[in-house]
Amino acid sequence: MITNSRASQRGAALIVGLIMLVLVTIMLISALVLSTSGFRSVSNMQFREEAIAAANRAIDQVISSPFAISPEAETISVDIDNDGNEDYSVEIEEPVCIAATQAFGADPSSEQLSPTLTVSSTWNTVWDIRAIVNADENAGGAAVVVRAGVRYLLSEADKDAVCT
């Protein structure tokens, strides 16, 4: 009788060992899947943040130019990591003048205004600038739209030409 019980236990140990091996394998595969999906989500967030930074840099470039004199759409290449290669292509839609109010008081400014811009002939114009980074044109596949509002001081003639 002792011999029979030992023979039946040897087969049970093999089955229990195989079940444990399968369970450990399933746990390792699920851990791998979870870590891969976590890596993807972090990478997507990084690419999205880079695309937003590229759009903001392009908007800053537009704002620093005299865009309100003759607003037009343009495409700006942005090198985020400063390695000399274009990382993002940002489409700037044509800036839109959304409001214009006469500037009655002399607003403090570090800029010296030209003689044609007297207090009675200056206008505070408010512009909507929209930057688009397309998903298919950048490294990470992130698509973002960034909008900025800008106030720009114009003469009455310039205001009449670009603001309706």
Considering residues of region 60-74 that are closer than 14 Å to S89 by Cβ and not acidic (D, E) only, the residue surrounded by the most Cβ atoms within 10 Å (Cβ to Cβ): Q61
Pairs, first under 12 Å from V145 (Cα atoms) in region 40-52, second crowded, with 16+ Cβ neighbours inside 10 Å and at pLDDT below 85, C-beta under 8 Å, six or more apart: R48/G140; R48/A142; A51/N138; A51/G140; A51/A142
Test: residue in region 93-109 that is surrounded by 13 or more Cβ atoms within 10 Å (Cβ to Cβ) and modelled with pLDDT under 85: yes
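Residue-wise test of (1) among the basic types (K, R); (2) at pLDDT below 90; (3) more than 30 Å from R147 (Cα to Cα).
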{"site": "A7", "(1), (2), (3)": "no, yes, yes"}
{"site": "R10", "(1), (2), (3)": "yes, yes, yes"}
{"site": "I26", "(1), (2), (3)": "no, no, yes"}
{"site": "S30", "(1), (2), (3)": "no, no, yes"}
Test: residue in region 110-122 that is surrounded by 11 or more Cβ atoms within 10 Å (Cβ to Cβ), modelled with pLDDT under 90 and assigned to a strand (DSSP E or B): yes
Residue within region 45-62 that is under 20 Å from the mean Cα position of the chain (by Cα), at pLDDT 90 or above, in a loop (DSSP other than H, G, I, E, B) and of a type outside the set (D, E, K, R) present: no
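The values are calculated or read from the model by the stated rules, or taken from the named source; none is laboratory data. Note that the coordinates shown come from a computational prediction; the quantities given were computed from them, not determined experimentally. No Cβ is skipped: glycine too gets one built from the backbone with ideal geometry, and neighbour counts run over all protein chains shown.
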